[in-house]
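*Asks:* Just dropping this structure here.
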Amino acid sequence: MALNTASEVISFARKLEEDSAGLYETLAERWPAAEETWLSFARENRKNIVQVERTYYGVISDALEGCFAFNLDADGYTFPAGLPEKTGYSDALGQAVAMEEKIIRFYSEAAEQSKSLMADVPRAFALIARKREGRIAALQSLPDR
Amino acid sequence: MAVLEEPIKEVLELKNYINGEWVGSESSQILDIVNPTTQQTIARVPMSTGDEVKAAVEAAREAFPDWRRTPPLARVRCLFRLKELMEENFERLSRVQTMEHGKTIDESRGETRRGIEMVEVATGIPSLMMGYSLEDIAAGIDEYVIYQPLGVFCHIAPFNFPFMVPLWYSPFALATGNTFIVKPSPRDPISQVKLAELIDEAGFPPGVYNLVHGGADAAGVLLEHPDIKGATFVGTSQIGRDIYKKCGETGKRAIVQGAAKNFMVVMPDVNIGGTIPALMTSFFGNTGQRCLSGANLVIVGQDDAFYRKFLNAFVEAASKIKVGYGLDESIQMGPMQSPDGKERVLGFIEKGIAEGAKLALDGRKPKIMGDYPEKCFLNPTVFENVTPDMTIGREEIFGPVASVMRAESLDAAINLVNASRYGNGNAIFTSSGKSAREFQYRVESGNIGINIGIVAPMAFFPFSGMKDSFFGVLHGQGRDAVRFFTESKVVIQRWL
């Protein structure tokens, strides 16, 4: 599914953040040893939603290219929303890393496409992409179980 | 994507807001307000009687002395409260605009944001309204100027930005100590009613802000009324000229913003990829129903390959625009606001064909996302081989139609722009600073875009205009608005 308008890109970003927060909360329940890490990611996801929406609602204007700033394929960034019951710890970690890579790619490509078209919005996207890059290292450094 | 929830669930019976009260009209003339996408009636609006309009003027006149004496800091506290209420109701206000006008949700949110920005800037009145002084203009004599409000102002609103345009004026009028009457467009008055509800909640004293519904008759009563000190209007140049004349005859101040025929000039050194989205927004945003829309696309140079490459990119992008209900987040262009507007655009397209322009993209048979009646819908249309003497190259179409022209050089392009009777929002797309400066310097236009397709000034800058696009001296927004809504009083004092 193509994402062309700022409104649908913001809604899609919200969905990615909520779905990934959901995954981290599931991980925290199943593997409480790293609970603080998982839950901190989930909390940060919700802050990301606030940051993206605040930026969008703060700058959207009739003069910006809000309806024409994007050409993203949503299917390229989607990931399984939940964690199958029998998933092992290593596979779960792998799923989280894969998910983060997709979300980083979404934010990076959205930022690039809307650069100089959507005022502060691409900067907010790029900032979140950079923050999330740190998560991959954090996920990979978690002790194996 | 699913359609966002509609905030209007039942047919609204709209009332006037006079002297702090919602008042039903005695008028027997009631118009249906129809959602241009679904064709469902969402409200009924009265065409107020002359006495009802006069009652609003009387309320505003009576409220003026107390409001004028209210300290500027206290006045802007009402605006701060209004701003908070507008933020709290941001999404609802935006969706109402989409329902009554047809524009996309991104466009409606943009309109809401712009409206809020006007209120924000007007809260700076304690600084913006300050006068100035000089002591000892002669020995022992000092002189100073103070800015004072004048009384009752009115605004006659257009349909294309039903929420935002009245806010180009009202926050500045109120903050400077004047009282105000808005007459919304009878085609889409609901968002002004929703705004007035928030103004009521914000705690403005009765009579300071008033809303009366109606059409040309109501506007006529306002413009004739001796207690109205000034009027602001946005609409066609023909009506605007009449209003300006009427204001001159009755001694009123006036800001009159008229029609446009904006040229988007594309130089051969342009960044094509970066320019196309700006041009899509310019030509097809708000379904072409705005005075800052691109109308004529002028491709500069003698290089046929560049011309063809640019035109193809433009037409391809226009052909992919998703048309449908603006509450569907994936939609890039909504319907025309009314069937009349659509018919008018179709008439221009027929004229374009008859006068010899070539259709590069025909939007007459709309392809709509979703199951909606075709009644107000069009798809983007692009003509090439348009000349400035053709009707479609000369007159404001006010719809999603682009007329493509060629110019041999920047000089020729500037001459094309300046030959137009309008001068509202013209733009150049180039990577050359020299070309941009030349364009900015020579083009007769109130607003100039350099790699910007919609040259909409921010709230702290004037919304300018030249030639038949503007009648008046001072403009709406920013410091111009502060000056428009105040009179300079000069005091020279000597103490013996």
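The values are calculated or read from the model by the stated rules, or taken from the named source; none is laboratory data. Please read all numbers here as calculations on a predicted model, not as lab measurements. When we count neighbours, we look across all protein chains shown, and the Cβ atoms used for this are built from the backbone with ideal geometry, even at glycine.
*Asks:* Any idea which residue in the range B:288-318 is nearest to B:Asn424 (Cα to Cα), counting only those that are within 13 Å of chain A (Cβ to nearest Cβ) and polar (S, T, N, Q)?
*Replies:* The extreme case among them is B:Ser293.
*Asks:* Have a look at B:Ala218, B:Ala231 and point out the one that is touching a Lys or Arg at 6+ places or on another chain (Cβ under 6 Å), within 22 Å of B:Ala55 (Cβ to Cβ) and outside any helix (DSSP H, G or I). Steps first, answer last, please.
*Replies:* Numbers: B:Ala218 fails: outside any helix (DSSP H, G or I).
Going through B:Ala218, B:Ala231 in turn, the sole match is B:Ala231.
*Asks:* Checking B:Thr281 against (1) within 14 Å of chain A (Cβ to nearest Cβ); (2) hydroxyl-bearing (Ser, Thr, Tyr); (3) farther than 25 Å from B:Phe377 by Cα, only one condition comes out false. Which one?
*Replies:* Unmet condition: (3).
*Asks:* Go through the residues of the range B:279-300 one by one and say whether even a single one is buried (at least 22 other Cβ atoms within 10 Å of the Cβ), on the phi > 0 side of the Ramachandran plot, within 19 Å of the chain's Cα centre (by Cα) and not hydroxyl-bearing (Ser, Thr, Tyr). Spell out the reasoning first.
*Replies:* Applying the first criterion (buried (at least 22 other Cβ atoms within 10 Å of the Cβ)) to the range B:279-300 yields B:279-300.
Remaining after also requiring on the phi > 0 side of the Ramachandran plot: B:286-288.
Cutting the leftovers down to within 19 Å of the chain's Cα centre (by Cα) gives us B:286-288.
When the remaining residues are screened for being not hydroxyl-bearing (Ser, Thr, Tyr), the result is B:286, B:288.
Yes: one or more hits.
*Asks:* Name the helices (runs of 4 or more DSSP H) wholly inside the range B:104-167 in which the number of residues that are closer than 19 Å to B:Arg479 by Cβ, over 13 Å from the mean Cα position of the chain (by Cα) and away from chain A (no Cβ under 12 Å) is 1 or more.
*Replies:* Numbers: elements: B:105-122, B:125-128, B:164-167.
Filter on the range B:104-167 gives B:105-122, B:125-128.
*Asks:* Determine whether A:Ala111 is more than 21 Å from A:Arg43 (Cβ to Cβ) and either of a type outside the set (D, E, K, R) or at pLDDT below 95 (or both).
*Replies:* Working: more than 21 Å from A:Arg43 (Cβ to Cβ): yes; either of a type outside the set (D, E, K, R) or at pLDDT below 95 (or both): yes.
When the stated conditions are applied, A:Ala111 passes them.
*Asks:* Next question. Quick test of your reading of the structure: A:Ser11 fulfils all but one of (1) without any contact (Cβ under 8 Å) to a residue 40 or more places away in the chain; (2) of a type outside the set (Lys, Arg); (3) away from chain B (no Cβ under 14 Å); (4) out of contact with any helix residue (DSSP H, G or I) (no Cβ under 9 Å at 6 or more places or on another chain). Name the failing condition by number.
*Replies:* (3)
*Asks:* Wholly within the range B:371-440, which strands (runs of 3 or more DSSP E) include no fewer than the required count, namely at least 2 residues that are modelled with pLDDT of 95 or more and over 24 Å from the mean Cα position of the chain (by Cα)?
*Replies:* On the way: elements: B:381-384, B:401-407, B:425-429.
Those strands (runs of 3 or more DSSP E) span B:381-384, B:401-407.
*Asks:* Scan the range A:47-77 residue by residue and report those that are surrounded by fewer than 20 Cβ atoms within 10 Å (Cβ to Cβ) and without any contact (Cβ under 8 Å) to a residue 40 or more places away in the chain.
*Replies:* Correct list: A:Lys47, A:Ile49, A:Val50, A:Arg54, A:Tyr57, A:Gly76.
Residues are listed down the side, and each one gets a yes or a no for (1) closer than 30 Å to B:Phe284 by Cα; (2) of a type outside the set (Val, Ile, Thr):
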site: B:Val53; (1), (2): no, no
site: B:Pro71; (1), (2): no, yes
site: B:Arg75; (1), (2): no, yes
site: B:Glu84; (1), (2): no, yes
site: B:Glu107; (1), (2): yes, yes
site: B:Thr112; (1), (2): yes, no
site: B:Met118; (1), (2): yes, yes
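*Asks:* Can you name every residue in the range B:258-278 that is small (Gly, Ala, Ser), away from every other protein chain (no Cβ under 14 Å) and either in a strand (DSSP E or B) or surrounded by fewer than 23 Cβ atoms within 10 Å (Cβ to Cβ) (or both)?
*Replies:* We begin by selecting, within the range B:258-278, every residue small (Gly, Ala, Ser); these are B:258-260, B:273-274, B:278.
With the extra rule that they be away from every other protein chain (no Cβ under 14 Å), the set shrinks to B:258-260.
Listed by number, the list holds a single entry, B:Ala259.
*Asks:* Tell me, which residue of the range B:410-434 that is surrounded by fewer than 20 Cβ atoms within 10 Å (Cβ to Cβ) and of a type in the set (Gly, Ala, Ser) is nearest to the other protein chains (Cβ to nearest Cβ)?
*Replies:* B:Ser431
*Asks:* Oh, and also: State which residue is nearest to B:Val152 (Cα to Cα) when the search covers only the range B:184-219 and only residues that are within 17 Å of the chain's Cα centre (by Cα) and in contact (Cβ under 8 Å) with a residue 60 or more places away in the chain. Let's see the steps before the verdict.
*Replies:* Taking the range B:184-219 first, the residues within 17 Å of the chain's Cα centre (by Cα) are B:184-192, B:195.
Among the residues that remain, those that are also in contact (Cβ under 8 Å) with a residue 60 or more places away in the chain are: B:186-191, B:195.
On the way: B:Pro186: 22, B:Arg187: 25, B:Asp188: 24, B:Pro189: 21, B:Ile190: 23, B:Ser191: 22, B:Leu195: 19 Å.
Looking at residues that are within 17 Å of the chain's Cα centre (by Cα) and in contact (Cβ under 8 Å) with a residue 60 or more places away in the chain, I get B:Leu195.
*Asks:* Next up: Among residues belonging to the range B:84-103 that are in a helix (DSSP H, G or I) and basic (Lys, Arg), point out the one that is nearest to the other protein chains (Cβ to nearest Cβ). Step through it out loud before you land on a result.
*Replies:* So in the range B:84-103, the residues in a helix (DSSP H, G or I) come out as B:84-88, B:90-101.
Narrowing the set further to residues that are basic (Lys, Arg) leaves B:92, B:95.
Working: B:Arg92: 13, B:Arg95: 11 Å.
In this case the residue turns out to be B:Arg95.
*Asks:* Between a residue in the range B:435-449 that is in the same structural domain as B:Gly294 (by TED's automatic domain parsing) and any residue that is of a type in the set (D, E, K, R) and surrounded by fewer than 19 Cβ atoms within 10 Å (Cβ to Cβ), which pairs come within a Cβ distance under 7 Å, given they are 6 or more apart or on different chains?
*Replies:* From the range B:435-449, the pairs are B:Glu444/B:Lys467.
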